[in-house]
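Below is one structure; the comments refer to it alone.
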Amino acid sequence: MFVESDGVRLSVHERGNRSAPTVVLVHGYPDTHRVWDGIAEILAEEFHVVTYDVRGAGASDKPSGLAAYRLPVLARDLFAVIDAVSPDGPAHVVAHDWGSIQSWEAVTTPGARIASYTSVSGPCLDHVGHWVRRRPTLAHLKQLLHSWYIVAFHLPFVAPFVWRRVLGPRWGRLLRRMEGARSHVAPSVVDDGVRGMSLYRANFIPRIRAPRDRRTDLPVLLVQLLRDKYVTAGTLEDVERWAPNLRRRVLDAGHWAPVTHARPLALLVADHVVANHVTAHTTTDAPTPGPHAPHSAPGSTTSSRRP
């Protein structure tokens, strides 16, 4: 089905029982909803699972101009999807890469109909903006070296040309070779990659240059990927400052964990959703542990600054 947001049609896909808790999965760059196929299949056994192509990707509309890709607009897209697929209650949001960046914008918006948030390999740009203002450390240098592609994406003409002629047509093979990620690259990846550069151009410099205070009291699960080539641990250092109701989990995986480690990641998500769906809807009883224990995901460890 399609959901309209600010005049843009978003391609939305549903699985599972609509009477179960709703989990909305938001993909990153240069992916489509297909990056969630493995996880969605697992989660749909007990949840109402929703995926969608973000604006500029897949079967969704592709508006022109940077203003159409700014973070508040992307947050409104997520709100429109939640309103359409979960009209009677809040939804649980799970996001990866750029999906996570834009979902931080939604999660830190007061009044958002979101029950819990799971962030995988995508920090809030405002949080990063505050982090880079601290006295430079080796962690800052490490992230700078890992962010070379962001600078490249700001190059007019050159970046789109290289993606369209060199990287885009070979993206599936490159991912298999670099990440071991298979079978999720959409046929539209060449156009999606070019259009998706607008996400970087519309948001990175403004948010790093003038970061806002973006806070949330929602329950947040932060999944850190130990072998992530793009997002380093440094950018995730101070998240508790902005999201005090935070749990951390560490997964021994690369950046495309939703594809390469679908089951362990799905188990982490399921545990977080079950626990916080109970607490979000019950005020008299203590939360009941879900069927997926926090340590049941192979290859994952627990780390938290909170007891």
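The values are calculated or read from the model by the stated rules, or taken from the named source; none is laboratory data. Remember, predicted model here, so these are calculated numbers, not experimental data. Ideal geometry is used to build each Cβ from the backbone, glycine not excepted, and the neighbour counts take in all protein chains shown. Only protein heavy atoms, including side chains, enter the accessible area calculation; ligands, DNA and RNA are left aside. Shrake-Rupley method; radii C 1.70, N 1.55, O 1.52, S 1.80 Å.
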ask   = Mean residue ellipticity at 222 nm from the helices of the chain, using -39,500 (n - 2.57) per DSSP H segment of n ≥ 4 over the full residue count, to the nearest 500 deg cm²/dmol?
value = -11000 deg cm²/dmol
query = By what distance, in whole Å, do the Cα atoms of the range 89-140 stretch along each of the three principal axes, largest value first?
reply = 43, 21, 13
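Among rounded, prolate and oblate, which fits the range 147-283 when a ≥ b ≥ c are the square roots of the eigenvalues of its C-alpha gyration tensor, a/c under 1.5 means rounded, and a/b larger than b/c means prolate? Walk me through the numbers before you get to the answer.
Working: a/c = 2.28, a/b = 1.45, b/c = 1.58.
Taking the square roots of the gyration eigenvalues as a ≥ b ≥ c, the range 147-283 is oblate.
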ask   = GNM on the chain, C-alpha springs below 10 Å: top fluctuator among Asn203, Asn17, Asn276?
value = Asn17
ask   = Accessible surface of Asp191 in the full protein assembly, 1.4 angstrom probe, to the nearest 10 Å²?
value = 80 Å²
key: Inter-label distance, nm, simple model (7 Å from Cα along the C-beta direction), Arg18/Glu45   = 2.5 nm
task = Name the residues whose placed amide hydrogens come within less than 5 Å of the amide hydrogen of Ala20, ignoring near sequence neighbours (fewer than 5 apart) on the same chain.
result = His48
task = Using the Karplus curve 6.51 cos²θ - 1.76 cosθ + 1.60 with θ = phi - 60°, work out ³J(HN,Hα) for each residue of the range 152-162 in order, rounded to whole Hz, and write x for Gly and Pro.
result = 4, 5, 8, 7, x, 6, 5, 4, x, 5, 5
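Using the membrane-span-like helix rule (whole DSSP H runs, Cα extent along the own axis of at least 15 Å, mean Kyte-Doolittle hydropathy at least 1.0), which helices of the chain qualify?
Numbers: long enough: 71-85 (21 Å, 1.57); 189-209 (30 Å, -0.05); 262-281 (28 Å, 0.69).
Membrane-span-like by this rule: 71-85.
Taking the highest mean first, how do the peptides 170-181, 25-36, 3-14, 110-121 order by number of other beta carbon atoms within 10 angstrom per residue? Provide the component values of the computation, followed by the final result.
Numbers: 170-181: 14.8, 25-36: 25.5, 3-14: 16.9, 110-121: 21.2.
Taking the mean over residues of other Cβ atoms within 10 Å, the ranking is 25-36, 110-121, 3-14, 170-181.
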ask   = In whole Å, what is the distance between the alpha-carbon centres of the range 149-213 and the range 18-32?
value = 20 Å
request  = Among DSSP beta bridges lying fully in the range 1-138, give the percent that are antiparallel, nearest 5.
outcome  = 35 percent
ask   = What residues have an amide H closer than 5 Å to that of Val8, excluding those fewer than 5 places away on the same chain, when H is modeled at 1.01 Å from N in the peptide plane?
value = none
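Considering only DSSP beta bridges whose two residues both sit in the chain, what percent are antiparallel, to the nearest 5? Don't jump to the answer; show the numbers that get you there.
Details: 12 of 38 bridges.
Antiparallel bridges make up about 30 percent of those DSSP assigns within the chain.
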remark   = Residues whose built amide H sits under 5 Å from the amide H of Gly122, excluding neighbours closer than 5 in sequence, are Asp97
ask   = What whole-number value in Å² describes the accessible area per residue of the chain for a 1.4 Å probe?
value = 44 Å²
